[in-house]
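The values are calculated or read from the model by the stated rules, or taken from the named source; none is laboratory data. Worth saying up front: this structure is predicted, and the values here are computed from it rather than measured. Note: ideal-geometry Cβ built from the backbone for every residue, glycine included; neighbour counts use all protein chains shown. Accessible surface areas use protein heavy atoms only, side chains included; no ligands, DNA or RNA. Shrake-Rupley method; radii C 1.70, N 1.55, O 1.52, S 1.80 Å.
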Amino acid sequence: MSDILRFGMRGDTICALATAVGGALGVIRVSGPEALTLADGLFRSKSGKRLDSSPTHRQYYGEVVDREGQVIDDVLVSVYRSPYSYTGEDSVEFSCHGSRYVLRKMLETLIQLGCRQAEPGEYTQRAFLNGKMDLSQAEAVADLIASTNRATHRMAISQLRGRFSNALATLRDQLLHLTSLLELELDFSDHEDLEFADRGELLALSHQVQDHITHLLDTFRAGKAMKEGVPVAIVGKTNVGKSTLLNRLLHDDKAIVSDIHGTTRDVIEDTTVIRGVCFRFIDTAGLRDTEDTIERMGISRSYEKLASASIVIWLFDAAPTPSEREEMERRCEGKSLLPVFNKVDRGEEAALWEGALSISAKYGQGMDELEERIYALADLPEVSENDVIVTNARHYSALSAALSDIERVTEGLDMGLSGDLLSEDLRSCIHHLSEIVGGEITPDETLSTIFKEFCVGK
């Protein structure tokens with residue numbers, strides 16, 4: 001049995017700091033069967049109230065003391081009784097001052113009283129094991145903590161509120177109905193006069209499930225881009241202003257700017273948010289013929305980054321030749337190529353083709369239009385809290401496997417295969433969908449991988 005399951009089944013009481021160190025306030029969480037009793041071991045209520053006799057959702061003011069009775073801090077204590085807590089267990093949260101000494105002393109005292117230091121993600125893990133949320137919702141907790149912009153926040157909230165789980169439940173109901181019709185066909189296969197459902201109905205239902213799964217898979221490109229940042233490569237010859245443009249887009253001096261050719265010898269990468277969406281900008285080494293070994297390595301990496309980008313900003317300060325244009329368009333096939341003429345502040349203009357922009361990265365001229373064009377090229381949907389968008393690679397893998405299963409069912413129905421042959425693929429499809437939300441079939445290694453990425457205290 002994996003550590004993550006063993007921790008959840010030991011029945012011990014855990015404690016951990018739930019806030020970042022160094023703030024004005026700190027929160028320490030205690031959860032488990034002895035949470036209230038152990039918390040009483042260091043808490044002295046101003047009203048004399050004991051926590052182990054408190055009803056749920058009550059808050060008390062008092063002080064915490066160490067094993068020798070010395071006051072550590074004045075605190076507010078919140079009580080949550082099972083099952084009405086985040087973990088589904090009896091829980092206590094101490095809100096105290098953010099002093100490193102105070103926090104360490106409180107945790108030391110709780111451990112001396114019988115608590116165990118929580119493992120990363122163990123509170124959310126216990127919530128999952130106690131049925132407070134399914135596995136996809138538990139993963140959304142980590143996504144919500146990590147969200148850095150409006151889009152990632154809305155996607156995490158949608159998943160946390162069960163929108164994705166509800167979509168999967170609808171799929172499961174459709175599959176179970178399809179399974180029941182096939183089983184009924186098998187049960188009454190010897191009675192030709194009994195008609196329960198014709199193959200047309202089975203095929204239509206199979207297509208409906210297939211379309212539903214395909215739609216979810218189609219959202220992954222946008223979901224992954226919004227979660228990780230849309231990759232945008234800035235490419236061009238040396239000294240055309242790529243680093244200046246990167247600094248302008250990031251509103252920070254991330255890259256060294258110099259008139260010397262070949263200054264940028266490696267890729268420089270950072271993110272910024274445009275209209276609520278994260279973009280990952282990559283400044284590449286200038287493209288030119290050179291005998292410098294290090295610079296050539298940088299140019300090679302530039303082409304690698306260009307290949308992995310969704311959007312390519314081709315920056316130049318003189319009109320490209322037809323052969324240069326042909327070469328760049330060839331390398332950017334299947335991507336969004338945005339040609340941009342820089343240094344218009346010098347009073348020069350290049351012969352531009354349709355769709356090209358003119359800017360001055362040095363003085364900021366044309367930057368608003370450039371950002372709008374970049375956002376439009378990303379072609380991402382506006383996300384609301386009601387949208388179901390797949391962002392997790394584990395979910396995508398399970399859905400892909402489920403799609404292969406239901407496609408075989410559809411093909412089998414077209415070929416007139418018997419119900420017993422189709423049922424195996426149907427069961428496999430249900431299995432793969434169930435892996436996403438968790439349950440008895442979820443491998444221990446999957447749970448370990450998910451929860452070990454959480455922070456301690458969550």
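General remarks:
- Residue, modelled with the highest pLDDT, within region 144-159, restricted to residues that are touching a Cys at 6+ places or on another chain (Cβ under 9 Å) and hydroxyl-bearing (Ser, Thr, Tyr): THR152
- Residues of region 44-56 that turn out to be in contact with a Leu (Cβ under 9 Å, 6 or more places away or on another chain) and open to solvent by 10 Å² or more (accessible area, probe 1.4 Å), as a count: 4
- Members of region 290-339 that are of a type in the set (A, V, I, L, M, F, W, C), more than 33 Å from the chain's Cα centre (by Cα) and modelled with pLDDT of 85 or more: PHE316
- All positions within region 113-129 that are more than 20 Å from the chain's Cα centre (by Cα) and at pLDDT below 90: LEU129
- Subset of region 46-64 [touching a residue at least 24 places away in the same chain (Cβ under 8 Å) and part of a strand (DSSP E or B)]: VAL64
- Residue check for GLU445: modelled with pLDDT under 75, surrounded by fewer than 21 Cβ atoms within 10 Å (Cβ to Cβ), charged (D, E, K, R) and not in a helix (DSSP H, G or I): no
- Candidates SER91, SER45, SER78, SER82, filtered to the one that is among the hydroxyl-bearing types (Ser, Thr, Tyr) and out of contact with any strand residue (DSSP E or B) (no Cβ under 7 Å at 6 or more places or on another chain): SER82
- Cβ-Cβ under 6 Å pairs, at least 6 apart or on other chains, region 11-36 side under 18 Å from CYS115 (Cα atoms) and open to solvent by 10 Å² or more (accessible area, probe 1.4 Å), far side acidic (Asp, Glu) and part of a strand (DSSP E or B): VAL27/GLU93; ARG29/GLU93
- Candidates are the residues of region 368-391 that are touching a residue at least 40 places away in the same chain (Cβ under 8 Å) and exposed (fewer than 13 other Cβ atoms within 10 Å of the Cβ); the one that is nearest to ILE311 (Cα to Cα) is PRO381.
Okay, residues lined up against (1) of a type in the set (Asp, Glu); (2) farther than 21 Å from ILE14 by Cβ:
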| residue | (1), (2) |
| --- | --- |
| TYR61 | no, yes |
| VAL79 | no, no |
| TYR84 | no, no |
| GLU93 | yes, no |
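- Test: residue in region 68-89 that is more than 30 Å from LEU433 (Cβ to Cβ), open to solvent by less than 10 Å² (accessible area, probe 1.4 Å), assigned to a strand (DSSP E or B) and without any contact (Cβ under 8 Å) to a residue 40 or more places away in the chain: yes
- Counting only helices (runs of 4 or more DSSP H) wholly contained in region 358-439, the ones carrying 2 or more residues that are among the acidic types (Asp, Glu) and over 30 Å from GLY236 (Cα atoms) occupy 393-415, 419-437.
- The single residue among SER78, SER2, SER95 that is at pLDDT 95 or above and within 22 Å of LYS132 (Cα to Cα) turns out to be SER78.
- Tally of residues being in contact (Cβ under 8 Å) with a residue 60 or more places away in the chain and not hydrophobic (A, V, I, L, M, F, W, C) across region 354-367: 2
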